[in-house]
Amino acid sequence: MSQAPLAQSIDTQADHLSAKNFSRLAAFIHDYSGIKMPSSKKTMLEGRLRRRMRTYGHTSLNDYCRFLFEDGGLEAETVHLIDVVTTNKTEFFREPSHFDFLEKKGLPALAEGRRKPLRVWSAAASIGAEAYTLAMVLEDFVADRPGLGYSILATDICTDVLAKGVAGRYPEVMIEPVAMARRRQYLMQSKDRSLREVRIRPDLRSKVSFARLNLMDETYPVDRDFDIIFCRNILIYFDKPTQAKVLGRLCDHLVPGGYLFLGHSESIVGLDLPVRQVANTVFQKP
């Protein structure tokens, strides 16, 4: 059976966003997600949008923009548009000093005299490697403390990566930072060895809940009693005013004595926040 030909081939060499459409897209992306889109990212944006515009059969980037901004397509397309422009780099045990701090100082302090479960939020979770790393650390910690439980909320603006997090399947190469004892305890090898893939064990997956959340929203539809919030390596994409608003909202959801973790390349210098630094890019709410 033969396939129908494409309506028209796309000449990627000639197809570029007009200055007007790039400005419109950059403004929308920034306003909606907080992500800065300078002119230096124009080529990157064009490449990612070409994959998306084929969904509707558009033959040029500017035709796609006309669909978004003039033909009413933006409302239905927003989630997909943001999915393709977000960058989702993540690793297991990325920035390991943070997990060392949790194991040696943070978790023991939070657990002292505690009866209720620990509540943790991975606020830019991507495909879930950070959230499942936290789950491994917490599972090991509570194993020696009968009656102490925990839960982890993993959120991201990108629906594609959230689906991968729920599935909990990862290439074998991604688990290299995971200690062998934890691999045996928390990971399952794919039955099809050609896939070179592992999956998080169901009991650990059950401790992590995934949900879509936009950090740019004025309010977050989550509880306000988190003991630990990880928001790492996303603030670098925001300008200072946006960083201040996002971090202020996150601090509102942190309990007194709770910890906020940022990426090692991120800083709160110049921001008025109700936290004090207790380790490198680790902050505690008094």
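The values are calculated or read from the model by the stated rules, or taken from the named source; none is laboratory data. Since the model is a prediction, treat every value here as computed from it, not as a measurement. Reconstructed Cβ throughout: ideal geometry from the backbone, glycine too, with neighbour counts over all protein chains shown.
Structure summary
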item: Test: residue in the range 76-89 that is within 25 Å of Gly165 (Cβ to Cβ), in contact with a helix residue (DSSP H, G or I) (Cβ under 6 Å, 6 or more places away or on another chain) and at pLDDT 95 or above; result: no
item: Residue that is farthest from Arg224 (Cα to Cα), among those in the range 180-200 that are surrounded by 12 or more Cβ atoms within 10 Å (Cβ to Cβ) and either of a type in the set (A, V, I, L, M, F, W, C) or in the same structural domain as Gly34 (by TED's automatic domain parsing) (or both); result: Leu195
item: Residue check for Arg205: in contact with a Ser or Thr (Cβ under 8 Å, 6 or more places away or on another chain), closer than 16 Å to Val120 by Cα and among the basic types (Lys, Arg); result: no
item: Subset of the range 261-275 (residues that are of a type in the set (A, V, I, L, M, F, W, C), free of Cβ contacts under 8 Å to residues at least 40 places away in the same chain and out of contact with any Leu (no Cβ under 7 Å at 6 or more places or on another chain)); result: Val269
item: Residues (over 16 Å from Val255 (Cα atoms) and either free of Cβ contacts under 8 Å to residues at least 60 places away in the same chain or in contact with a helix residue (DSSP H, G or I) (Cβ under 6 Å, 6 or more places away or on another chain) (or both)) located in the range 115-135; result: Ala125, Ser126, Ile127, Gly128, Ala129, Thr133, Ala135
item: Residues satisfying the stated conditions in the range 74-100, i.e. in contact with an Asp or Glu (Cβ under 9 Å, 6 or more places away or on another chain) and either acidic (Asp, Glu) or closer than 15 Å to Arg24 by Cβ (or both); result: Asp83, Glu91
item: Number of positions in the range 246-286 that are of a type in the set (D, E, K, R) and exposed (fewer than 15 other Cβ atoms within 10 Å of the Cβ); result: 3
item: Close pairs (6 angstrom Cβ cut-off, 6 or more residues apart or separate chains): on the phi > 0 side of the Ramachandran plot in the range 28-41, in a helix (DSSP H, G or I) anywhere; result: Gly34/Thr242
item: Residues located in the range 230-239, provided they are surrounded by 20 or more Cβ atoms within 10 Å (Cβ to Cβ) and either more than 25 Å from Ala135 (Cβ to Cβ) or without any contact (Cβ under 8 Å) to a residue 12 or more places away in the chain (or both); result: Phe238
item: Single match in Val79, Val161 (criterion: in the same structural domain as Ile29 (by TED's automatic domain parsing), touching a residue at least 12 places away in the same chain (Cβ under 8 Å) and among the aliphatic types (A, V, I, L, M)); result: Val79
item: Residues being at negative phi and touching a residue at least 60 places away in the same chain (Cβ under 8 Å) - total across the range 82-114; result: 18
item: Residues satisfying the stated conditions in the range 261-282, i.e. assigned to a loop (DSSP other than H, G, I, E, B), under 19 Å from His98 (Cβ atoms) and small (Gly, Ala, Ser); result: Gly263, Ser265, Ser267
item: Candidates Asp223, Asp227, filtered to the one that is in contact (Cβ under 8 Å) with a residue 60 or more places away in the chain and either surrounded by 15 or more Cβ atoms within 10 Å (Cβ to Cβ) or not in a loop (DSSP other than H, G, I, E, B) (or both); result: Asp227
item: 2 or more residues of a type in the set (Lys, Arg): qualifying helices (runs of 4 or more DSSP H) within the range 31-87; result: 42-53
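Let's see how each residue does on (1) assigned to a helix (DSSP H, G or I); (2) touching a residue at least 12 places away in the same chain (Cβ under 8 Å); (3) closer than 15 Å to Thr155 by Cα:
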position	(1), (2), (3)
Met174	yes, yes, no
Arg182	yes, yes, no
Ala211	no, yes, yes
Pro241	yes, no, no
Arg249	yes, yes, yes
Tyr259	no, yes, no
